[in-house]
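So the structure is just underneath, and the comments pick up after that.
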Amino acid sequence: MNRFKEIVRQWSVKNSRIRNLRALYLLLTGKAKPLGLSHIYSYQEEQAIGPLQREEALFLFALLRVVRPKLVVEFGFLRGDSALNFLAAIAPEGRLLSYDISDEAEHYAKLYFSDYGHFKFLKKSQTEFSPQDLDSQLVDFVFLDAAHDLELNQKTWQLLHPHLSEEAIVAIHDTGTWSRKHLGPLQNRHIAKENCTWISETELAHQPDERKFVNWIREKHPSFSTVNLHTGNTLRHGLTLIQKSRYLDV
Ligand SMILES: C[S@@+](CC[C@H](N)C(=O)[O-])C[C@H]1O[C@@H](n2cnc3c(N)ncnc32)[C@H](O)[C@@H]1O
């Protein structure tokens, strides 16, 4: 490495402003490609109720960039925050199918996404999933964030799981717990109207059926492994990732 480059590198490691300037220079001169992450800045973190949280979106964006799914299926569109995040992450040849039953979701899907060729909104319940919706393609990534109901999730799984590709990942939203110390007015309003369960003095399951669903998959489908992205160190809705467990060929 020449001396100048070494000094720039040294200072950009030491100082975040220099790092930002270096990134700007790389982008403006076309030496680096933008990551396509600008939507993330408008997402909420602690204040997100309904849509996924900003840092969860960041994680899922990175995950999709890493595994490059060809077909993503989402249950629960709402106003399209998770959908936009997936569309920003998937490669041009990838596509997203999004299911939601509400008129509001249908309205926003038309308003925001009518120009996206690789997106299709289906005004259908998660339990009305049909293999015909997939045009003979297997599903590489699923995001389940719809009814938050154990029975409906079980039915959806029965319909969907024969159509998962070998390395498909299923991400289930809202499987974490909220710590009492992080609760604010927004979460307290949710607790007052939803069916939440205190599982200890300090931890609340804000969507208990999603947790029961993960336990059900572990029991009934032991060939699948689960990873929980949960923490009590911040207010986190929580995600569980599910993938078929397998030995790696060597
Ligand atoms: C938590 S919101 C989804 C948030 C969205 N994934 C995001 O992160 O921006 C849940 C959505 O699921 C929809 N929903 C509820 N029951 C459903 C069902 N049985 N099938 C499909 N969608 C359903 C609701 O209309 C609502 O828009």
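Values quoted throughout were computed directly from the atomic coordinates according to the rules given, and no laboratory measurement underlies them. The model shown is predicted, which means the values in this text are computed figures rather than measured ones. We place every Cβ from the backbone using ideal geometry, glycine too, and count neighbours over all the protein chains shown.
A few notes on this one:
- Amide hydrogen neighbours beyond the local backbone of F143, cut-off 5 Å, H modeled: V73, E74, F75, A171
- Inter-site label distance for I7 and L58 at 7 Å from Cα along Cβ, in nm: 3.2 nm
- Order of I217, I49 under a 10 Å beta carbon neighbour criterion, fewest first: I49, I217
- The ranking of V73, V139, V66 by Cβ neighbour count inside 10 Å, starting from the fewest, reads V66, V139, V73.
- P(r) tail for the chain: Cα pairs beyond 33 Å make up 27% of the total.
- Taken one residue at a time, the phi angles of segment 59-71 give Karplus couplings (6.51, -1.76, 1.60, θ = phi - 60°) of 4, 5, 4, 5, 4, 5, 5, 6, 9, 6, x, 8, 10 Hz. Gly and Pro are set to x.
- Cross-link pairs K5/K70; K110/K220; K155/K193 - those with Cα-Cα distance over 28 Å: K5/K70; K110/K220
- Each peptide among 200-207, 36-43 gets the average number of other Cβ atoms lying within 10 Å of its residues, and from highest to lowest they stand as 200-207, 36-43.
- When the charge dipole of the chain is built from unit charges on Cβ atoms (+1 for Lys and Arg, -1 for Asp and Glu) and taken about the Cα centre, the candidate among N2, F86, T226 whose Cα reaches farthest toward its positive end is N2.
- HN-Hα J in Hz across segment 183-198 - Karplus 6.51, -1.76, 1.60, θ = phi - 60°, x for Gly and Pro: 6, x, x, 5, 5, 5, 5, 4, 4, 5, 10, 9, 8, 9, 10, 6
- Euclidean distance of C-alpha centroids, segment 160-204 and segment 1-36, integer Å: 39 Å
- Per-residue Cβ neighbour rank within 10 angstrom, fewest leading, K120, K193: K193, K120
- Per-residue ³J(HN,Hα) for segment 204-216, Karplus 6.51 cos²θ - 1.76 cosθ + 1.60, θ = phi - 60°, Hz, x for Gly and Pro: 10, 7, 7, 9, x, 5, 5, 5, 5, 5, 4, 5, 5
- Peptide ranges 11-20, 173-182 listed from the most packed, as the mean C-beta count within 10 angstrom indicates: 173-182, 11-20
- In this simple spin-label approximation, R17 and L134 carry label points 7 Å from Cα along the Cα→Cβ vector, and these lie 5.3 nm apart.
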